Amino acid sequence: MAPRKVIIDCDPGQDDAVALFLAMSAPDELEVLGVTTVAGNVPLELTQRNTRMMCDIAGRPDMRVYAGCDKPMQLEAITAEYIHGNTGIDGVDVFDPETPLQETHAVDFIVETLRAAEEGTVTLVPTGPMTNIGTAIKRDPGILDAVDRIVSMGGAMREGGNRSPSAEFNVLVDPHAAEIVYNCGRPVTAMGLDVTHQVLSTRERVARIRGVGNKVADATADMLSFFHRYDTKKYGSEGAPLHDPCTVAWLLRPDLFETKVCNLSVETTSELTLGHTAVDFWHVTDRPHNVEWTYAVDAEGFYDLLVERLAWFGG
Ligand code: BDR
Ligand code: CA
């Protein structure tokens, strides 16, 4: 079977970086048409640079990386240096990457690529605030014909919020974009905190990753060793949730996840609960079923997959 065509839209972020590694480790399954970057965990200047660094580390300076929106559709930007460090990818040393930044704006790239693609052939994978994709859909809703599926990291039901008491970071930063994406009418598989909080980067798991013994695995272990600090203190857990790689893991091994089709609605007005995702898991409303909500994952299987894929990069 031909590899599935994907566009990854991200804001690295250590966990975005691991999602990129996972995607680049699977050329038989995934053809990465481009990586678009957005302001999120850190400002756009850093997310695009960090993405290009990860392509260098993975030995893929041929990847096409685009810079997109530098702030949310309607709100002011919120960043998360307190989790990811000032670089966004603290844990690895910053360098000037060889992977070039494409001149085209990420939103133009998304629109042009989808316009040129055949019906239902491209999967969008947002792992940051969904500003680029929301803007592209708003500009040209016809592009949705080319979308096979959207696999997002964004939202929470049982876990509550991580950046506010009731909102997950990616949706909180740009709830208006998330609302467009989740209601776009194409199939959406949504990874929220309910599932990402089940894949903790425990000491043993990070040690297994380091044991792989190549450049990409070392960078992953280095970043995760930094990344876990904030969350282990906050949650009293043994490791940090590895949010964004859940998206790519689902594309590679959907059998590792349990999902339910239901409605997800985004709160865009309330000051108190802005960015909350109201997931109608028990179908108590007659709102349209717009997402496949992911609620459970085989965490051991997830880390087995990650270790196996990181080993793909060689010794
Ligand atoms: C999401 O927010 C960011 O901090 C992570 O990269 C992830 O995409 C989790 O809420
Ligand atoms: Ca992210």
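The values are calculated or read from the model by the stated rules, or taken from the named source; none is laboratory data. On a predicted model such as this, the values are computed, not experimentally measured, just so you know. Virtual Cβ from ideal backbone geometry, glycine too; neighbours counted across all protein chains shown. Areas reflect the complete protein model, heavy atoms only, side chains present, ligands, DNA and RNA absent. Shrake-Rupley method; radii C 1.70, N 1.55, O 1.52, S 1.80 Å.
Any idea what the dipole of region 4-312 comes to, in debye rounded to 20, about its Cα centre with Lys/Arg Cβ at +1 and Asp/Glu Cβ at -1? Using Cβ point charges on Lys, Arg, Asp and Glu, region 4-312 gives about 280 debye. If the Kirkwood radius is taken over C-alpha pairs of region 1-87, then at 20 °C and 1.002 mPa s the Stokes-Einstein diffusion coefficient equals 162 µm²/s.
Rounded to the nearest 0.05, what FRET efficiency do ALA296 and LYS234 have when you use their Cβ-Cβ distance and R0 = 22 Å?
Values: r = 22 Å, r/R0 = 1.02.
In this case the efficiency is close to 0.50.
Averaged per residue, region 4-312 has 38 square angstrom of accessible surface, using a 1.4 angstrom probe with ligands and nucleic acids left out. Rounded to whole Å, the principal axis extents of the Cα atoms in the chain read 52, 45, 40, largest first.
On a full-extension model of 0.36 nm per residue, what is the gain between ASN183 and ASN214, subtracting their alpha-carbon distance, rounded to one decimal in nm? Display every interim value, and only then the final one.
Values: separation 31, 0.36 × 31 = 11.16 nm, distance 4.11 nm.
Gain in length upon complete extension: 7.0 nm.
What is the sum of charges, Lys and Arg at +1 and Asp and Glu at -1, for the other residues whose Cβ falls under 15 Å from the Cβ of ASP96? Surrounding charge for ASP96 is -2.
The residues ASP286, ASP16, ASP145, sorted by heavy-atom accessible surface at 1.4 Å with ligands and nucleic acids left out, run ASP286, ASP145, ASP16 from largest to smallest. Taken about its Cα centre, region 168-315 carries a charge dipole of roughly 500 debye when the Cβ of each Lys and Arg holds +1 and the Cβ of each Asp and Glu holds -1. In the chain, taking the dipole from charged Cβ atoms about the Cα centre, the farthest positive-side position among ALA240, MET153, THR294 is held by ALA240.
With contributions of -39500 (n - 2.57) from each DSSP H run of at least four residues, the per-residue ellipticity at 222 nm computed over the chain stands at -11000 deg cm²/dmol. Beyond 30 Å in Cα-Cα separation lie the following of the pairs LYS5/LYS71; LYS5/LYS234; LYS5/LYS215; LYS138/LYS260; LYS71/LYS234; LYS5/LYS138: LYS5/LYS234.
Between GLY155, GLY128, GLY236, the Gaussian network model of the chain with springs among Cα atoms under 10 angstrom shows the greatest mean-square fluctuation at GLY236. Karplus-based coupling profile of region 293-304, in residue order and whole Hz: 8, 8, 10, 8, 8, 7, 5, 5, x, 4, 6, 4, with θ = phi - 60° in 6.51 cos²θ - 1.76 cosθ + 1.60 and x standing for Gly or Pro.
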